[in-house]
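Data first, discussion second: the structure below is written as structure tokens.
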Amino acid sequence: MKKKMMVSAMVLSASAIVCMMNVNAEIKDSADYMGEWYANYVIEGDAGIRMNVAGILGVSYTFTFDEDGTGISVVAFLDEEESEGEEDETMNFTWELTDGKIIVTMEDDSVMTIDEVDGEVIGDIGDDTYFVLGREFVEEEMDWETLLEQMLAQDEAEQANTPKENPYVYDPNTNNVTSVIGAFMTSYSYGDEYEITIDEEKKIFTADKPATEYFEADHIEGTYEITTEHFVNVTWTDEEYGFENTYLGSEYVEKWNTFTVKEDLSNLKEVIAAMASESDWEHEYTADSVTIGEEEEEIAEEGTVTVKDGDYEFTYNYKLVSGVDPIITLSYHDEEYGYDPEYRNYDMRQ
């Protein structure tokens, strides 16, 4: 059903409207749904970003229903040059009305469930992904900058509302050495995940990352220890450059705690001071030196924050995403180099 194509394209694209899928209406007469329908929008999640399919991919995507329980879907390029000689892609399907919904089964066995939701015809293709179907073709220009901002906001809202524990803390009861070493390797690789194996008797570990389209596979062998204070330390030698990497559990546990904002925001100034100190090595800031906006009782989602070190002061723009694990981002405009550096507490605690 071109699902893979559509979902991957969603990550790159489109205009944004929030769609709250709450009120379902039972489909009573399938005859009202015969003929051609355009998949004009794709939505990820129950309250996701609505993206125009034509604007995303430069194609029209239609479903044509016949009264005999069959139909055909067609993906057609809108611009012949964009098609690079490729023909329209078609796929047959069957459909049936079941429990007030139209169940569409494609010839590749993928399934779409059509329902009326909040006055719109919605095709649920699974994995919290939906098409908005219409009788008329809709093509909209994509505002890529706005889209990326909205997608980032959506991702950050999900991240901030996901409870997390300090991944560098060793628990002797569960003996979570493997996961702690995995957290070290994720920090080392700036986000990549490694498969970790350990030899408890010899206190050695291996970390493997599979090859991707852009990067070669990586294999690391090293040693680890568990201190009497219940911290995990790891060491390995970089085979290519010959230098030694050492990750100390006590330092990483403290770093995670230092840059983690509490849900009630009670330590927000402490985190901002630590972030400013980390990004500006010439100055050291404390929570008492931090002024957030107009110092109102309720902290705004966006604004400015000023930090002071003696007679020196500096002002950042900030963005706050509240939740069980809040995200604070500091930024400013660097006039000398003409760009806007950004610092996120999530990145600094890794």
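What number of residues within region 257-266 satisfy the criterion of being open to solvent by less than 60 Å² (accessible area, probe 1.4 Å) and not in a helix (DSSP H, G or I)?
Start the filter on region 257-266 by keeping residues that are open to solvent by less than 60 Å² (accessible area, probe 1.4 Å), which leaves 258-261, 265.
Filter again for not in a helix (DSSP H, G or I), leaving 259-261, 265.
Of the residues in that region, 4 qualify.
Can you pull out every residue in region 96-107 that is surrounded by 13 or more Cβ atoms within 10 Å (Cβ to Cβ) and under 20 Å from residue 26 (Cβ atoms)?
First, pick out the residues of region 96-107 that are surrounded by 13 or more Cβ atoms within 10 Å (Cβ to Cβ): 97, 101-107.
Result: 97, 101, 102, 103, 104.
Okay, residues lined up against (1) within 25 Å of residue 148 (Cα to Cα); (2) open to solvent by 50 Å² or more (accessible area, probe 1.4 Å); (3) out of contact with any Phe, Trp or Tyr (no Cβ under 9 Å at 6 or more places or on another chain); (4) of a type in the set (D, E, K, R):
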residue: 52; (1), (2), (3), (4): yes, no, no, no
residue: 61; (1), (2), (3), (4): yes, no, no, no
residue: 74; (1), (2), (3), (4): no, no, no, no
residue: 94; (1), (2), (3), (4): no, yes, yes, no
residue: 109; (1), (2), (3), (4): no, yes, yes, yes
residue: 115; (1), (2), (3), (4): no, no, yes, yes
residue: 126; (1), (2), (3), (4): yes, no, yes, no
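Looking at 313, 221, which one is in contact with a Ser or Thr (Cβ under 7 Å, 6 or more places away or on another chain) and over 23 Å from residue 335 (Cβ atoms)? Steps first, answer last, please.
Details: 313 fails: over 23 Å from residue 335 (Cβ atoms).
Testing whether each residue is in contact with a Ser or Thr (Cβ under 7 Å, 6 or more places away or on another chain) and over 23 Å from residue 335 (Cβ atoms) leaves just 221.
On the given criteria, is residue 272 touching a Gly at 6+ places or on another chain (Cβ under 8 Å), hydrophobic (A, V, I, L, M, F, W, C) and on the phi < 0 side of the Ramachandran plot? Lay out the reasoning, then the answer.
On the way: touching a Gly at 6+ places or on another chain (Cβ under 8 Å): no; hydrophobic (A, V, I, L, M, F, W, C): yes; on the phi < 0 side of the Ramachandran plot: yes.
No, not satisfied.
Of the residues 136, 120, 140, which is over 17 Å from the mean Cα position of the chain (by Cα) and farther than 16 Å from residue 49 by Cα?
Working: 120 fails: farther than 16 Å from residue 49 by Cα; 140 fails: farther than 16 Å from residue 49 by Cα.
That would be 136, the only listed residue that is over 17 Å from the mean Cα position of the chain (by Cα) and farther than 16 Å from residue 49 by Cα.
Restricting the search to region 11-42, which residues are at pLDDT 90 or above, surrounded by 19 or more Cβ atoms within 10 Å (Cβ to Cβ) and aliphatic (A, V, I, L, M)?
Hits for region 11-42 are 39, 42.
In the list 142, 185, which residue meets the criterion of being open to solvent by less than 60 Å² (accessible area, probe 1.4 Å) and closer than 30 Å to residue 57 by Cβ? So that I can check it myself, show each step before the final result.
Working: 185 fails: closer than 30 Å to residue 57 by Cβ.
The unique qualifying residue is 142.
For residues that are of a type in the set (Asp, Glu) and open to solvent by 70 Å² or more (accessible area, probe 1.4 Å), scanning just region 188-211, find the one that is farthest from residue 245 (Cα to Cα). Let's see the steps before the verdict.
Taking region 188-211 as the starting set, the residues that turn out to be of a type in the set (Asp, Glu) are 192-193, 195, 199-201, 208.
Still in the running and open to solvent by 70 Å² or more (accessible area, probe 1.4 Å): 193, 195, 200-201.
Numbers: 193: 17, 195: 18, 200: 20, 201: 22 Å.
For region 188-211, the residue satisfying everything is 201.
Could you look through region 298-308, keep only residues that are in a strand (DSSP E or B) and open to solvent by 70 Å² or more (accessible area, probe 1.4 Å), and pick out the one that is farthest from residue 271 (Cα to Cα)? Working first, answer last.
From region 298-308, those in a strand (DSSP E or B) are 302-308; that's our starting set.
Next, only the ones that are open to solvent by 70 Å² or more (accessible area, probe 1.4 Å) stay: 302, 308.
Values: 302: 16, 308: 14 Å.
Among those that are in a strand (DSSP E or B) and open to solvent by 70 Å² or more (accessible area, probe 1.4 Å), it is 302.
Would you be able to tell me the number of residues in region 283-297 that are at pLDDT 95 or above, open to solvent by 40 Å² or more (accessible area, probe 1.4 Å) and part of a loop (DSSP other than H, G, I, E, B)?
2
The values are calculated or read from the model by the stated rules, or taken from the named source; none is laboratory data. Please read all numbers here as calculations on a predicted model, not as lab measurements. FYI the Cβ positions are ideal-geometry reconstructions off the backbone, even for glycines, and counts take in every protein chain you see. All accessible areas refer to the heavy atoms of the entire protein, side chains included, with ligands and DNA or RNA removed. Shrake-Rupley method; radii C 1.70, N 1.55, O 1.52, S 1.80 Å.
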